[in-house]
Structures are given as structure tokens and as C-alpha cells.
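Colleague: There's a structure below that I have some questions on.
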Amino acid sequence: MKVIYTKNELFSLIEGYKKEGKCVGFVPTMGALHNGHLSLVKACKNSCDIAVTSVFVNPTQFNDPEDLKRYPRTPEKDAELLKTAGCDLVFMPSVEEIYPEKDTRKFDFGYLETVMEGAKRPGHFNGVGQVVSRLFDIVQPHKAFFGMKDFQQVAIIKNMVNQLKYNIEIIPCPIVREESGLALSSRNALLEKEHKKNAPHIYATLKKARNLVTEMSVADLKKWIKEEINNNPYLETEYVEIVDDTTLKVIENWNEKGTKVVCVAVYAGKIRLIDNIIL
């Protein structure tokens, strides 16, 4: 495994692999890696000849400066974990390497960015579009792998790939959870002990909700999920939404066609957690 810090070196290495006819897969991350990230790297390695992972905390997708400051950074540990997962190339650029000048591009993701994370974190998905498109331009992979915990982000990236006409296959991968059911997230490391202990209540509630679909209206189920989570004194729900898994259109009744997904954002103390489940 090789750790690379400049886009020129990475580009020339990947060009060499492509000339040999090798399939290049890519996993973009913000570091503070856990088994969820490593499952993406393993999926990438299983599907491609060369697995490339980036570790870059992207400042343009944080709408809260305190959140950016607080975000965990563990580059040495990340490199060790990536080596064990079979990663071939690790790209750890500086902010200046990715943004030599300010990125002023404005993406239009339409309806996709008006609900859930888009509504609660203004500018977040524009920052995601900026960084992922820059990384795609540098790596130029055949396939890119993303976790379904960030369910809305996957829809945004697919939309961006179509807009910018990238010839890249986007591969969504299942959520990886702790034994307790808590979805793996780099932010889990920031949870205080009692909040960590109580955070699995989020997924437990979503699993119960799946069994209540036939008994409640959409509006009543959303209300029940919010109340059930908030009954735990360590948790506070920011939103509960039930959406179509492709269009992200908010579902109003169960008769609507398509696969339905319930998505939540919940504060455990100061730390904001997201999760989802297919109904």
C-alpha cells in the first residue's frame, strides 16, 4: 500500500494501472475510519483490481464551523486500517491540494437537496458535490463505493454523476452496525458514555416502526417514531421523514408506489446522528 499526498502523483499511478487494463475502484472518506468504511474498501477490492481510498476532511460541506473543528482526525491509524483492508493507494491531500483556489461552483440538485439533510444543513450537499467531483476528476475511477447510512448523499452523488456526465458506476453498500445496532459513524467516537449507551435506541425504534406500517397512517407512524425516540432522555429527534428510496419524495400514504425508507436525524447530546431503514 502506498500513501500519496499530491494529485499529480496519484493521477500518474492510476494512469499506469489503466494502461495495464486494470479496473480502478474508489472509496472517498473523511477519515476517522471504522468497520463501515473498511467494508466499503473490501467491497471495492472484491469488485476492482485497484482500491483507492481518499482521507480528506472537506471544509466546504460543514455548515457549522464548530462541527468542522470537532470532527475527529486520525490519519496514522486510518493508514494502518486501510492496509489491513487491502487498500492499494491512499490519497491524503491538504486543503490547498484539493482547493488551490476557492470553489465557487453552485450545484442544482433540485428537490433532492430540499428535504431532510438538505433542509437542516444548508450548503452541505453543494460542498459534497464540490469535493466528490474534484476527487472524481483526480482519481477517474471506474466504480465508486458509498455507504447507505448517508442515504440522501448517495442519491445526490448519482444525480451529480448524471449532471457532469461521469462514466463512473456508483455502488451503494449496506449500513454496518455495532453489535448494539448503532450505525457505525466517525461521530460515534465523540459520544459521551451515557449517550453512546443510549444511542442504539434509535435503530431499535426504527425496527419496531417497520412492524407498525399496517397499523398506522404515515403521519401517525412518523409521530410515533419521534415520540418513541424522545422518550429516551439522552436523545432528541431533529427530524423523521418517510421518503421514496429513489426520488426522496416525501410519502403521504402507504398506497404510493415504490420502496419506502424512514430516515431520522437525532441529537445524542451535542452529537448529531443519522440513520435509516427500509420499510
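The values are calculated or read from the model by the stated rules, or taken from the named source; none is laboratory data. On a predicted model such as this, the values are computed, not experimentally measured, just so you know. Please note: Cβ atoms are built from the backbone with ideal geometry, for glycine as well, and neighbour counts cover all protein chains shown.
Colleague: Can you name every residue in the range 74-122 that is at pLDDT 95 or above, part of a loop (DSSP other than H, G, I, E, B) and within 23 Å of residue 43 (Cα to Cα)?
Modeller: 85, 86, 87, 88, 92, listed by residue number.
The rows are residues; the columns are (1) outside the structural domain of residue 118 (by TED's automatic domain parsing); (2) touching a residue at least 60 places away in the same chain (Cβ under 8 Å).
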{"site": "150", "(1), (2)": "no, yes"}
{"site": "155", "(1), (2)": "no, yes"}
{"site": "160", "(1), (2)": "no, no"}
{"site": "165", "(1), (2)": "no, no"}
{"site": "178", "(1), (2)": "yes, no"}
{"site": "181", "(1), (2)": "yes, no"}
{"site": "198", "(1), (2)": "yes, yes"}
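Colleague: Report the residue count in the range 222-279 for those that are outside any strand (DSSP E or B) and of a type in the set (D, E, K, R).
Modeller: Initial filter on the range 222-279 (outside any strand (DSSP E or B)): 222-234, 245-249, 251-259, 269-270, 279.
Now drop any that are not of a type in the set (D, E, K, R), which leaves 222-223, 226-228, 245, 249, 252, 256-257, 270.
Within the range 222-279, residues that are outside any strand (DSSP E or B) and of a type in the set (D, E, K, R) number 11.
Colleague: I would also like to ask the following. Taking the range 25-58, which residues are surrounded by fewer than 20 Cβ atoms within 10 Å (Cβ to Cβ), free of Cβ contacts under 8 Å to residues at least 60 places away in the same chain and within 26 Å of residue 267 (Cβ to Cβ)?
Modeller: Correct list: 57 only.
Colleague: Could I ask something else about it? Just one of the numbered conditions (1) assigned to a helix (DSSP H, G or I); (2) within 17 Å of the chain's Cα centre (by Cα); (3) surrounded by fewer than 19 Cβ atoms within 10 Å (Cβ to Cβ) is not true of residue 194; which one?
Modeller: The failed condition is (2).
Colleague: I need the full set of residues from the range 10-54 which are in a helix (DSSP H, G or I) and of a type in the set (Asp, Glu), in order please.
Modeller: Pass one, the range 10-54, residues in a helix (DSSP H, G or I): 10-19, 35-47.
15 - this is the single residue of the range 10-54 that is in a helix (DSSP H, G or I) and of a type in the set (Asp, Glu).
Colleague: Okay, next question. Which one is surrounded by the fewest Cβ atoms within 10 Å (Cβ to Cβ), of the residues in the range 253-277 that are within 24 Å of residue 211 (Cβ to Cβ), free of Cβ contacts under 8 Å to residues at least 40 places away in the same chain and touching a Ser or Thr at 6+ places or on another chain (Cβ under 9 Å)?
Modeller: The qualifying residue surrounded by the fewest Cβ atoms within 10 Å (Cβ to Cβ) is 253.
Colleague: Still on this structure, I have one more. Listed residues 121, 105, 70; which is in the same structural domain as residue 27 (by TED's automatic domain parsing), more than 21 Å from residue 36 (Cβ to Cβ) and not polar (S, T, N, Q)?
Modeller: Values: 121 fails: more than 21 Å from residue 36 (Cβ to Cβ); 70 fails: more than 21 Å from residue 36 (Cβ to Cβ).
It is 105.
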